[in-house]
Every structure is written in structure tokens, then in C-alpha cells.
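Following: one structure in C-alpha cells, then a few remarks.
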Amino acid sequence: MVRKTTVHALALTALIVSSTGAWAAGSANNAPKAPEKFMTFCVPCHGPAGKGDGPAAAALNPKPRDLTDGKYMNGRSDAQLTNVIKNGSAAEKLSPMMTGYGSMLNDKEIKDVVAFIRLLAVPKYQPKK
Ligand code: HEC
């Protein structure tokens, strides 16, 4: 009986370790490192790699934006992204599913998050001169 419990505990530990590994994989490799605020507030919907596939995304329609979709994202200005992050997606006439983070993130933190999002775009984002 005691033995069996030990085996279960081991199996559980292995499961936790492997799933944590998969979770971290999105930000590994050559991917840019996400600011801590992004990991805390945005990953549940946008996913660790910004692909719009976070655990909460399944319940959403429309889906959280795929932040790696450069074809779309590169056409959005910093001002638009900042407005969405600060005041919510409805502020840019998008789906109202994303609330604003203006009370949780200061301007510097929002700027850092926007800069990080710009690094995710494929094709690459070219800042306007
Ligand atoms: C509750 C889920 C949810 C959370 C949490 C969330 N978002 Fe979103 N986000 C969305 C959805 C849904 C959209 C797409 C709206 C649409 O396409 O109509 C979106 C759109 C966006 C866009 C695209 C704006 C554009 O111009 O099209 C950006 C950028 C973005 N989110 C960044 C963030 C950042 C940064 C955070 C964390 C501070 C965050 N989101 C947190 C759901 C979420």
C-alpha cells in the first residue's frame, strides 16, 4: 500500500515537471523574453508565445489576437496597441473581450509590453521612421 502511494506521487511529479516544461517552451529557443507583466496578465489569453492560444482562449469568440501575425499586427500603430492594452479592445472597436490594463500597468510597463509584442511579428515589424 505504502509502495503504491510512492509510485503515484512519483508519476504525479513527473507529470508536473513535464507540463511545466511544455509551458516554458514557448518562451525558450530564440524567442524574445516576455516581460513579467505579459506573463502575468496576457498569457492566459494570448499564450506564452503570443499566438492567441492561452488556456482561456478556448472560451473566447473572437479568439485573442495572434500577436505573431505580422500581416495584421504590423499594420497597427503603437498608439493603437497602447490604447487596446490601456483601455481594452473595445477602445479600438474590437471585440470587448479584452479589458484594459491601465489601472494595473504604468506607461513604462505598457511600452515594454508593446516593444515585446513587436518582436513577435512574422514577417518582422519595421518601425516607421
Ligand atoms: C480575456 C482574454 C485577454 C487577455 C487577458 C488579454 N487579451 Fe489581448 N485580446 C483579447 C482578444 C479577444 C483580442 C481580439 C479582439 C478582436 O479581435 O476583436 C485581443 C487583442 C489584443 C491586441 C490586438 C489589438 C489590435 O490592434 O488588434 C493586442 C496588442 C493585445 N490584445 C494585447 C494584450 C496584452 C498586452 C495583454 C496583457 C496586458 C492582453 N492582450 C490581455 C483577449 C485578451
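Residue pairs whose Cβ atoms lie under 9 Å apart, sitting 6 or more positions apart in sequence or on different chains, and linking a residue in the range 60-78 that is under 17 Å from Pro123 (Cβ atoms) to a partner that is within 9 Å of the ligand (Cβ to nearest atom) and hydroxyl-bearing (Ser, Thr, Tyr), are Arg65/Tyr72; Arg65/Ser89; Asp66/Tyr72. Of all residues assigned to the range 79-100, at least one qualifies as being part of a helix (DSSP H, G or I), surrounded by fewer than 15 Cβ atoms within 10 Å (Cβ to Cβ) and hydrophobic (A, V, I, L, M, F, W, C).
Every residue, every condition in (1) at pLDDT 95 or above; (2) of a type outside the set (Asp, Glu); (3) near the ligand (Cβ under 8 Å from one of its atoms); (4) closer than 14 Å to Val113 by Cα, yes or no:
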residue: Ala24; (1), (2), (3), (4): no, yes, no, no
residue: Lys33; (1), (2), (3), (4): no, yes, no, yes
residue: Lys63; (1), (2), (3), (4): yes, yes, yes, no
residue: Tyr72; (1), (2), (3), (4): yes, yes, yes, no
residue: Ala90; (1), (2), (3), (4): yes, yes, no, no
residue: Tyr101; (1), (2), (3), (4): yes, yes, yes, yes
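Checked against (1) more than 11 Å from the ligand (Cβ to nearest atom); (2) in contact (Cβ under 8 Å) with a residue 24 or more places away in the chain; (3) outside any loop (DSSP other than H, G, I, E, B), Lys108 passes all but condition (2).
The values are calculated or read from the model by the stated rules, or taken from the named source; none is laboratory data. Computed from a predicted structure; not experimentally measured. With ideal geometry, Cβ positions are generated from the backbone for all residues, glycine too; neighbour counts draw on all protein chains shown.
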